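Just below is one structure, and these are the notes that go with it.
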Amino acid sequence: MAEKVLVTGGGGYIGSHCVVELIEAGYQPIVVDNFSNAVRGEGNVPESIRRIEKLLKTSIEFHELDLLDRPGLEKLFKKHSFSAVIHFAGLKAVGESVEKPLLYYKVNLTAFMNLLEVMQAHRVRNLVFSSSATVYGDPQRLPIDEQHPVGGCTNPYGKTKYFIEEMVKDHCKAEKDWNAVLLRYFNPIGAHCSGQIGEDPQGIPNNLLPYVAQVAVGRRECLSVYGNDYDTIDGTGVRDYIHVVDLAKGHIAALKKLKEDCGCKVYNLGTGKGYSVLEMVKAMEKASGKEIPYKIAPRRGGDVASCYADPRLAEKELGWKAQFDLERMCEDLWRWQSMNPTGFSNGTC
């Protein structure tokens, strides 16, 4: 019988791609989401999950659930015997977190505390946590390896990731039979090669590439480039962009690592190469064949100049390495956006 894996926030961008990889790897994902950043489809199921069911010719168990709903979470754990939990759910916009810090602390931290306590009560002791390179703060050195100091976060979003990491580390120290893998993402982009699932931000995109793609498809008029006076190759921010499918495959590798009774492990998931905002604009112009107009805007609070990974530890210990190059990332992103110009709401599947 396939192992059941609880996927929180599984209707979202990264979560839905992970659901695909879980199914293809022989796991049975049980998906929960509260629709804070997922589009509701037929039957009150996220449109992303509905499309995955059609794409893979399978059925996926879904529950509409907010992790702040402790009784609802208890009910789910009583129904299923999970081998592991992959935790994606949470608020994730850097800029919004600077404007609404209390909201981020309440939602992200309380939800995770509920999840951890319910896991403990039901003896589910294996966790993969969706963390972020934001825990490193303003990098002291590049590329960033896992030994780089953490905690000097430049925004409340990053602090919630850091606080959760600390909770997990402390819990694993206290409970020796627990295993956890903390995956520090760099910047996920791209989409599934089918063009059926991808990133569909609700409202104005907070991340660069969804905004660029929406400008290219004509959904938005112009890209705002936040700052051109950083100490980088062209003055714009430099980031490590990783294909979302590579990222999803990293979670499968992490689940396998848990089988080794690994304790608490931390890995960067990135490519090891940084690209500036303007380099990404050019790459998307090539992929789309469209001119992407942009204007320079003031820096955003909480942003850093450059951030890219040293991903060698994940290759050594997880047997994982990013496979897709920048051209493929942009091609897959453009396929998704051009097939779904208004996102999931146009219902092309």
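The values are calculated or read from the model by the stated rules, or taken from the named source; none is laboratory data. From a predicted model like this one, the values you see are computed outputs, not experimental measurements. Here the Cβ is made from the backbone with ideal geometry for all residues, glycine too, and neighbour counts use every protein chain on show. Side chains are part of the model used for accessible areas, which takes the heavy atoms of the whole protein and leaves out ligands, DNA and RNA. Shrake-Rupley method; radii C 1.70, N 1.55, O 1.52, S 1.80 Å.
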**Message:** As an exercise, use a Förster radius of 45 Å and the Cβ-Cβ distance of MET167 and GLU61 to find the FRET efficiency, rounded to the nearest 0.05.
**Reply:** 0.95
**Complete:** Rounded to one decimal in nm, the spacing of the 7 Å Cα→Cβ label points at TYR105 and ALA121 is 2.6 nm
**Prompt:** Can you give me the pair-distance distribution of the stretch 193-265, C-alpha pairs, 5 Å bins, whole percents?
**Reply:** 3, 11, 15, 16, 16, 13, 11, 9, 5, 2, 0
**Prompt:** Modelled label-to-label distance, GLU260 and LYS282, 7 Å Cα→beta-carbon offset: nm?
**Reply:** 4.0 nm
**Message:** Under a crude label model (7 Å from the Cα following the beta-carbon direction), how far is SER345 from GLU221 in nanometres?
**Reply:** 1.9 nm
**Prompt:** How large is the charge dipole for the stretch 217-332, taken about the Cα centre, if only the Cβ atoms of Lys, Arg (+1) and Asp, Glu (-1) carry charge, to the nearest 20 debye?
**Reply:** 320 debye
**Message:** In whole Hz and in residue order, list the ³J(HN,Hα) couplings for the stretch 194-201 that follow from phi through the Karplus curve 6.51 cos²θ - 1.76 cosθ + 1.60, θ = phi - 60°; x for Gly and Pro.
**Reply:** 5, x, 8, 10, x, 7, 10, x
**Item:** Cα gyration tensor shape of the stretch 151-221, rounded if a/c is under 1.5, else prolate or oblate by comparing a/b with b/c
**Value:** prolate
**Request:** For the stretch 20-176, give the magnitude of the charge dipole about the Cα centre (Cβ charges: +1 Lys/Arg, -1 Asp/Glu; no others), in debye to the nearest 20.
**Result:** 280 debye
**Surface share of carbon and sulfur [accessible, 1.4 angstrom probe, percent] for the stretch 227-340** = 45 percent
**Complete:** Contour minus Cα-Cα span, GLN147 to GLN323, at 0.36 nm per residue, comes to 61.0 nm
**Prompt:** By per-residue mean of other Cβ atoms within 10 Å, what is the highest-first order of 73-85, 126-138, 38-50?
**Reply:** 126-138, 38-50, 73-85
**Complete:** For the chain, the dipole about the Cα centre with charges only on Cβ (Lys and Arg +1, Asp and Glu -1), to the nearest 20 debye, works out at 460 debye
**Item:** Contour excess over end-to-end distance, with Cα ends at GLU291 and GLU74 and 0.36 nm allotted per residue
**Value:** 73.0 nm
**Hydrodynamic radius (Kirkwood) for the stretch 1-54, which is based on Cα pairs only, to one decimal in Å** = 11.0 Å
**Item:** Tensor-based shape of the stretch 67-173 (alpha-carbon gyration tensor, a/c under 1.5 rounded, otherwise prolate or oblate)
**Value:** oblate
**Message:** Given an 8 Å cut-off on Cα distances and at least 6 residues of separation, report the relative contact order of the stretch 211-305 as a percent.
**Reply:** 47 percent
**Item:** Ranked by how many other beta carbons lie within 10 Å on average, peptides 274-283, 174-183 from highest
**Value:** 274-283, 174-183
**Complete:** Expected unfolding gain across ARG300-GLU24 under the 0.36 nm per residue rule, minus the alpha-carbon gap, is 95.4 nm
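Count the DSSP beta bridges whose two residues both fall in the chain, then state the antiparallel fraction as a percent rounded to the nearest 5.
5 percent
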**Prompt:** Which of SER276, THR342, ILE296 sits farthest toward the positive end of the charge dipole of the stretch 260-347, with +1 on the Cβ of Lys and Arg and -1 on the Cβ of Asp and Glu?
**Reply:** ILE296
**Prompt:** Once every DSSP H run of n ≥ 4 in the chain is given -39500 (n - 2.57) and the sum is divided by its residues, what mean residue ellipticity at 222 nm do you get, rounded to the nearest 500 deg cm²/dmol?
**Reply:** -11000 deg cm²/dmol
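State in Å² the accessible area per residue of the chain; use a 1.4 Å probe, count heavy atoms of protein chains only, and round to the nearest integer.
Values: 14840 Å² over 349 residues.
The answer is 43 Å² per residue.
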**Item:** HN-Hα J in Hz across the stretch 94-104 - Karplus 6.51, -1.76, 1.60, θ = phi - 60°, x for Gly and Pro
**Value:** 4, x, 5, 5, 5, 7, 10, x, 5, 4, 5
**Request:** Quick one: compute the contact order of the stretch 119-249, relative version, from alpha carbon pairs under 8 angstrom and 6+ residues apart, as a percent.
**Result:** 23 percent
**Prompt:** Under the Karplus relation 6.51 cos²θ - 1.76 cosθ + 1.60, θ = phi - 60°, what is the ordered set of whole-Hz ³J(HN,Hα) values for the stretch 247-256, x standing for Gly and Pro?
**Reply:** 4, 4, 5, x, 6, 5, 4, 5, 4, 5
**Asked** When all protein chains stay in place, what accessible area (Å², nearest 10, 1.4 Å probe) is found for ILE164?
**Response** 10 Å²
**Asked** Relative contact order of the chain: what whole-number percent is it, with Cα pairs under 8 angstrom and at least 6 residues apart?
**Response** 19 percent
